[in-house]
Protein chains: 2
Amino acid sequence: VRLDAEPSTDGLTTYAFTAGDVPGVAWFPPDPDVPLVLVGHGGGRHARHPAVLDRARSLVAAGFAVAAIDAPGHGGRPRVPGIEDAAAALRRLIAAGKPVGEAVTALNGLVAAAAVPEWRRVLDGLLRHVGPGTPVGYVGLSMAAAIGIPLLAAEPRIRAAVLGLLGDEAVDAAARVRVPVEFVMQWHDAQVPRHRALALFDAIGSADKTLHANPGGHGDVPAFQHAASIMFLRRHLVHRTRRAAQ
Amino acid sequence: VRLDAEPSTDGLTTYAFTAGDVPGVAWFPPDPDVPLVLVGHGGGRHARHPAVLDRARSLVAAGFAVAAIDAPGHGGRPRVPGIEDAAAALRRLIAAGKPVGEAVTALNGLVAAAAVPEWRRVLDGLLRHVGPGTPVGYVGLSMAAAIGIPLLAAEPRIRAAVLGLLGDEAVDAAARVRVPVEFVMQWHDAQVPRHRALALFDAIGSADKTLHANPGGHGDVPAFQHAASIMFLRRHLVHRTRRAAQ
């Protein structure tokens with residue numbers, strides 16, 4: 001990938017890239033020799049959504065390089081008929097105040113199937129840029145967890161992940177995950193019933209996994225949880241790098 | 001309370017005290033103007049148990065004053081017939097490999113009823129020593145959570161607590177707790193069935209509560225969880241003190 005610096009207004013330079021036909025953005029701290037965290041976005045959002053930018057800014061401040069891409073059918077990418085239909089079906093249910101679980105699962109499945117090979121190609125390109133031995137982490141909640149779980153099951157270069165806001169639709173791939181996972185759930189999530197989130201945490205195959213649950217709905221993950229996730233990524237990506245270097 | 005310094009071998013001075021007939025120990029960081037954390041011990045242990053000393057050492061290093069007392073019938077305190085009988089019944093069940101849930105609940109209830117007024121008197125004495133406006137936290141897992149929940153329900157001077165390794169025996173008092181709580185559970189706890197720990201977390205009345213679950217049994221709380229608990233106590237006790245002072 002070729003990284004193109006964009007003019008910065010706040011001191012954090014955004015680098016745009018394209019991997020094949022997948023547009024993405026990356027951010028770097030001053031120290032070049034740091035782990036890389038891939039950040040996924042939620043359904044209907046994109047790589048430059050404020051939630052992704054906030055997460056990227058705090059990760060860079062904590063000493064990580066960060067990359068995000070637009071998911072299939074999202075952001076500036078061409079619409080995909082199957083994904084469009086599933087998203088429209090979901091919007092109709094939300095408008096009607098009906099349960100959305102099955103429609104979210106269907107949409108997530110379509111996006112994840114297309115997104116996993118894309119992330120792997122993006123990672124190929126980014127690792128050529130930051131160095132092939134760079135420790136890599138993944139952060140993705142909601143739709144980005146539905147992508148992240150099969151990605152982790154398929155991609156040995158990702159060493160730790162923050163996942164969550166997802167139910168047990170993904171248990172088969174989750175059982176194949178082996179790297180440390182911090183799983184985030186919201187105790188009153190109307191989109192993901194509590195028992196289904198707990199079942200997904202239970203299914204994750206990693207010996208080292210930790211569950212963080214907080215009150216509130218799908219969109220109410222507290223700021224301190226983001227800080228805890230940075231601590232988790234530092235524990236598994238930064239401290240290991242330093243130990244390995246000693 | 002009068003604090004008597006004991007000879008120190010590792011740079012951390014232990015101060016012994018007695019409040020009424022309750023023996024306790026306290027530790028202090030160099031800065032005197034810091035929050036105080038009360039640390040409870042698990043069943044069969046005491047205020048100078050290695051698990052309490054480890055917790056105290058890391059809390060003092062993080063800038064907290066720490067105090068611990070022997071629970072009723074524990075440590076150097078006289079045995080209490082009712083507690084002795086309940087503990088013996090529990091030991092018989094453990095030896096026979098039988099379920100211990102009801103016996104643990106019975107023992108916890110007896111100890112907690114006696115311990116709550118003791119902790120409140122100890123807190124009276126400690127606050128005279130460290131200053132009446134000192135922010136106070138509580139850390140207690142297992143039996144110490146069974147004590148901590150009714151203590152928090154009764155004692156407005158405790159502003160935040162780390163609790164856990166307990167089931168829903170304590171839901172009525174838990175519903176009256178209003179201060180921030182970090183609730184710690186072990187995903188494969190043979191003493192506390194998973195659904196009962198989740199039910200207790202659900203019952204806690206605090207708007208600000210967070211659940212941390214990790215794989216393993218009752219005694220397998222990982223070291224990183226203790227670090228996360230310190231972060232939680234800093235967020236609620238230290239940062240608030242500083243904001244209030246500005």
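The values are calculated or read from the model by the stated rules, or taken from the named source; none is laboratory data. Since the structure is predicted, the reported quantities are computational estimates derived from the model, not experimental observations. In this analysis, Cβ positions are derived from the backbone assuming ideal geometry, glycine residues included, and neighbour counts consider all displayed protein chains. For the accessible areas, the whole protein counts, side chains as well, though only heavy atoms, and no ligand, DNA or RNA atoms are used. Shrake-Rupley method; radii C 1.70, N 1.55, O 1.52, S 1.80 Å.
Structure notes:
- Against chain A, whose longest principal axis comes from its Cα atoms, helix A:81-95 is set at around 60 degrees.
- Both chains summed, the buried accessible area for A and B stands near 1700 Å², from protein heavy atoms and a 1.4 Å probe.
- Nearest-10 value in Å² for the accessible area of A:Lys98, using the 1.4 Å probe: 120 Å²
- Cut-off 10 Å between beta-carbons: net charge of the residues surrounding B:Gly205, Lys and Arg +1, Asp and Glu -1: +3
- Theoretical FRET efficiency, 1/(1+(r/R0)^6), r = Cβ-Cβ of A:Asp124 and B:Arg194, R0 41 Å, to 0.05: 0.50
- Kirkwood-Stokes translational diffusion coefficient of the protein assembly as shown, alpha-carbon pairs, 10 °C, 1.306 mPa s, µm²/s: 65 µm²/s
- Qualifying trypsin sites (Lys or Arg not before Pro) in the stretch B:1-106, DSSP loop, other Cβ atoms within 10 Å at most 12: B:Arg2, B:Arg79
- Computed from backbone phi, the HN-Hα couplings of the stretch A:212-221 come to 10, 10, 9, x, x, x, 3, x, 9, 4 Hz, rounded to whole numbers (Karplus: 6.51 cos²θ - 1.76 cosθ + 1.60, θ = phi - 60°; Gly and Pro given as x).
- For chain B, the longest principal axis of the alpha carbon atoms and the long axis of helix B:101-130 meet at an angle near 10°.
- Peptide A:211-217 has a mean of 5 when you count, residue by residue, the C-beta atoms of other protein chains within 10 Å of its C-beta.
- Counting Cβ atoms of other protein chains within 10 Å of each residue's Cβ and taking the mean over peptide B:221-231 gives 2.
- Rounded to the nearest 10 degrees, the inclination of helix B:143-154 to the longest alpha-carbon principal axis of chain B is 60 degrees.
- For the stretch B:85-222, the per residue solvent-accessible surface stands at 38 Å², with DNA, RNA and ligands left out and a 1.4 Å probe.
- Shortest-first nm distances, A:Ala89 label point to equivalent points in other copies (7 Å, Cα→Cβ): 5.6
- Extending 7 Å from the Cα toward the beta-carbon at both A:Val80 and B:Val80 defines two label points whose distance is 6.3 nm.
- Each other copy holds its own label point for A:Pro7; taking that point as 7 Å from Cα along Cα to Cβ, the gaps run 7.3 nm, nearest first.
- Label distances, nm, A:Ala154 versus same residue in remaining copies, Cβ-directed 7 Å point: 5.9
- Computed from phi, the 3J(HN,Hα) profile of the stretch B:231-236 under the Karplus parametrisation 6.51, -1.76, 1.60 (θ = phi - 60°) reads 4, 4, 5, 4, 4, 9 Hz, with x in place of Gly and Pro.
- Taken residue by residue and averaged, Cβ atoms of other chains lying within 10 Å of the Cβ of B:195-207 number 1.
- Karplus-based coupling profile of the stretch B:179-196, in residue order and whole Hz: 8, x, 10, 9, 9, 10, 9, 10, 5, 10, 6, 6, 7, 10, x, 3, 5, 6, with θ = phi - 60° in 6.51 cos²θ - 1.76 cosθ + 1.60 and x standing for Gly or Pro.
- Three-way shape call for the stretch B:58-213 based on the alpha-carbon gyration tensor, with the a/c threshold at 1.5: oblate
- Apportionment of accessible area to carbon and sulfur, the protein assembly as shown, percent (1.4 Å): 56 percent
- Between A:Thr13 and A:Leu93, residue separation times 0.36 nm minus the direct Cα-Cα distance comes to 24.8 nm.
- Under 5 Å, built H, 5+ apart or other chain: amide partners of A:Phe64: none
- For A:Val139, the residues 5 or more places off, or on other chains, whose built amide H falls under 5 Å of its own are A:Leu38, A:Val39, A:Gly40, A:Val162.
- Taking the stretch A:1-60 and dividing mean pair separation by its residue count, relative contact order in percent (alpha carbons under 8 Å, at least six apart): 22 percent
- For B:Thr14, the amide hydrogen comes within under 5 Å of the amide hydrogens of B:Glu6, counting only partners 5 or more places away or on other chains and with H modelled in the peptide plane.
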